[in-house]
């Protein structure tokens, strides 16, 4: 009799476990993979790389620093940009790098 009660409990928990697994596979895991890939891209940025900020500015990295990048907006303007505001790196023809 105790075996059937345990079996019923496990069977009632099975749908919940199934939905948690689906939620993980469809939402959490892809977001973690994307975040890790983005962080690797930011860590690999070097002087001379062109980037697009989350605000849409196209910049060239002048000097990588610990928490910031010094970036050139135009010939006369160099500003500091926090690493968390980098959207992606672009190629020479201004297409997103894969």
To test your reading of the geometry: what angle, between 0 and 90 degrees and rounded to tens, separates the Cα axis of helix 29-44 from the longest principal axis of the chain? 20 degrees
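Place the peptides 64-76, 21-33 in order of packing, highest mean first, counting for every residue the other Cβ atoms within 10 Å and averaging per peptide.
64-76, 21-33
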Quarter of the surface of the C-alpha convex hull for segment 1-44, i.e. direction-averaged projected area in nm², equals 3.8 nm²
A student asked for the Cα radius of gyration and Dmax of the chain in angstrom ought to give 23.0, 82
If I fit a long axis through the Cα atoms of helix 2-23 and take the longest principal axis of the Cα atoms of the chain, what angle between them do I get, 0 to 90°, rounded to 10? 20 degrees
Just how far, in whole angstrom, is segment 29-67 from segment 6-28 if you go by their alpha carbon centroids? 37 Å
In the chain the DSSP beta bridges are antiparallel at a rate, in percent to nearest 5, of 100 percent
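Quick note: the coordinates plus some simple rules give every number you see, no bench work behind them. Everything numeric here is computed off the predicted structure, so don't read it as measured data. Because the Cβ atoms are built from the backbone with ideal geometry, glycine has one as well, and the counts that use them run over all protein chains shown.
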